Protein chains: 2
Amino acid sequence: MDNDTRTLFFSFFNEVGIIAQLSRTALEARLPKGLTLPHFSVVNHLIRVKDGQTPLALANAFQVPKTTMTHTLGGLTANGFVEIRPNPDDGRSKTVWLTDAGRRFREDAIRSIDPDIEVFKSQYPEEKIREIVPELAAIRALLDAARD
Amino acid sequence: MDNDTRTLFFSFFNEVGIIAQLSRTALEARLPKGLTLPHFSVVNHLIRVKDGQTPLALANAFQVPKTTMTHTLGGLTANGFVEIRPNPDDGRSKTVWLTDAGRRFREDAIRSIDPDIEVFKSQYPEEKIREIVPELAAIRALLDAARD
DNA sequence: ACTATTTAGTTCGACATCGCACTAATGGAG
DNA sequence: CTCCATTAGTGCGATGTCGAACTAAATAGT
């Protein structure tokens, strides 16, 4: 393989890794102590998509192992942000529901993060982000599919 | 803030996070047991840039805390991939040097990863990656600068 | 020269992540 | 109906990551 090509792909994944790391740190600095990006992401997902999903469905949505989702949901439950109920369709399974406190947590978080997004937007054009996101989504899908 | 705009930026960082996660897992599956992406990245960096750098310089290059780099270098030393020597210019500091085993580790890793890159390249045009990388680098730099 | 401040690196403790093994429930094959 | 394989979720142990506090060396200010 061409060395230049290899370096290019390594650079790509390297930049992606560092951006993920920096953005995560930046976001968590705005969250109440003890709460992490996954906590926020799950609550946000439950609002954007729909609550009442199973833990496994959430694990798949975020591409994390089941055990990780168990841990994350444990934290959300401890904070009273979600409620876990039995799944009427499947005795092995459960369903995850938002509480009012969960919705408030999400709204507070968004309110405190918005200014950072504004700053970022003022330094990097929204339009370019809009062009890149579909590409990233396609790449994500490819990597996911390759993971058989 | 416009809800659509917010969703766009969240999507961007979300895709980035999942790609980072999936690519990391994929790479580590090719590495000898016990070795991780940071191990490979540091060795690769020492070859691409130059060895003899200080641990702090490496921590800065990868945007990780000093303590994390100490841990990573400990693993590399335990595997005999790098050698830590005093820094002749500064008694507080050290320098990190590659060993032959370290170079071999890097070459073996690249050899086993190349096929995956080929597959990826066949599904997603290299040219698009080449366009996106500079954008990601710019975004990375912005996030880094915002981190005063 | 002397002291205070800053800096490089480590140690330690807290915690997120994840693989492995386990339990309980489901579903399919005969 | 009975058994066996599969699936959802959890407990546990190992490990990566990182903040806080520490040591030792360098540097700045007087």
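All of the numbers you see were taken from the coordinates with simple rules; none came from a lab. Predicted model, so just to flag it, every value in this text is computed and none were measured. Reconstructed Cβ throughout: ideal geometry from the backbone, glycine too, with neighbour counts over all protein chains shown.
Rounded to 0.05, the FRET efficiency of the B:ASP90 and A:GLN123 pair, given R0 = 35 Å and the Cβ-Cβ distance, is 0.50.
Simple rule: put +1 on each Lys or Arg Cβ and -1 on each Asp or Glu Cβ in segment A:31-145, find the dipole, and look at A:ALA78, A:ALA61, A:ILE117; the Cα lying farthest toward the positive end is A:ALA78.
Computing FRET efficiency as 1/(1 + (r/R0)^6) for A:ALA29 and B:ALA57, where r is the C-beta to C-beta distance and R0 is 30 Å, gives about 0.75. Per-residue mean of foreign Cβ neighbours for B:127-140 is 6 (Cβ atoms of other chains, 10 Å radius). Between A:ASN87 and A:SER93, A:LYS94, A:THR95, the built amide H atoms are under 5 Å apart, and every one of these is 5 or more places off in sequence or on another chain. Peptide A:80-91 shows a mean partner chain C-beta count of 0 within 10 Å per residue C-beta.
Amide H contacts for A:LEU98 (H built 1.01 Å from N in the peptide plane; partners 5 or more residues away or on another chain; cut-off under 5 Å): A:GLY52, A:GLU83. Of A:LYS50/A:LYS121; B:LYS66/B:LYS94; B:LYS33/B:LYS66, which sit over 18 Å apart, Cα to Cα? Cα-Cα > 18 Å for A:LYS50/A:LYS121; B:LYS33/B:LYS66; rest within. Its Cα centre serving as origin, chain A has a Cβ charge dipole (Lys and Arg +1, Asp and Glu -1) of approximately 540 debye. With both labels modelled 7 Å from their Cα along Cα-to-Cβ, the B:ALA145 to B:SER112 distance reads 4.0 nm.
Looking down the axis that turns chain A into chain B, the chain A residue with its beta carbon nearest that axis, and the gap rounded to whole angstrom, comes out as A:ALA20, 2. Against chain B, whose longest principal axis is taken from its Cα atoms, helix B:3-28 shows a tilt of about 40°.
Placing +1 on the Cβ of every Lys and Arg and -1 on the Cβ of every Asp and Glu, with no other charges, gives the protein assembly as shown a dipole of roughly 900 debye about its Cα centre. Among the residues of A:58-65, the average count of other protein chain beta-carbon atoms within 10 Å of the residue beta-carbon is 2.
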